[in-house]
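Working notes, beginning with the structure itself.
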Amino acid sequence: MTATSRVPEPVTFAPPPASPLAQAEASLLALLTASELHEPSAPAAKAYRASMSTRAQDAVATGGPDVLDYLLARVRAADPAKADVREAILETAWSGLEGWRR
């Protein structure tokens, strides 16, 4: 019987502190933290997701479509215990965005 092992999260390097990517990452983390306090259907959660979508659009304009996967990896690495929940929130917020893989 073999043990099942989880694939480790990919290692990503932090963007330069004052860069637009660092600002996008910090903004997304703040919005996710605030969003987690609300039920998904609550008006506040919907407003936070709309802001996450706007931040993602800005990031794509700055860094191209691959930046969304990078930001997702950074968000997941920031708090592995909340990684799956935060990814689900971002999947909803980023749904339909050009460059988003889903």
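Observations
- Which listed residue is of a type in the set (S, T, N, Q), closer than 18 Å to Pro15 by Cβ and surrounded by 14 or more Cβ atoms within 10 Å (Cβ to Cβ), from Ser53, Ser27: Ser27
- Meets criteria (part of a helix (DSSP H, G or I), surrounded by 13 or more Cβ atoms within 10 Å (Cβ to Cβ) and modelled with pLDDT of 95 or more) for Ala93: yes
Yes or no, residue by residue, for (1) assigned to a helix (DSSP H, G or I); (2) surrounded by 14 or more Cβ atoms within 10 Å (Cβ to Cβ); (3) touching a helix residue (DSSP H, G or I) at 6+ places or on another chain (Cβ under 6 Å); (4) on the phi < 0 side of the Ramachandran plot:
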site	(1), (2), (3), (4)
Ala59	yes, yes, yes, yes
Ala77	yes, yes, no, yes
Ala81	yes, no, no, yes
Ala88	yes, no, no, yes
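- Filter pass, Glu98 being surrounded by fewer than 19 Cβ atoms within 10 Å (Cβ to Cβ), of a type outside the set (Gly, Ala, Ser) and at pLDDT 95 or above: no
The values are calculated or read from the model by the stated rules, or taken from the named source; none is laboratory data. Computed from a predicted structure; not experimentally measured. Neighbour counts run over all protein chains shown; Cβ positions are idealised from the backbone, glycine included.
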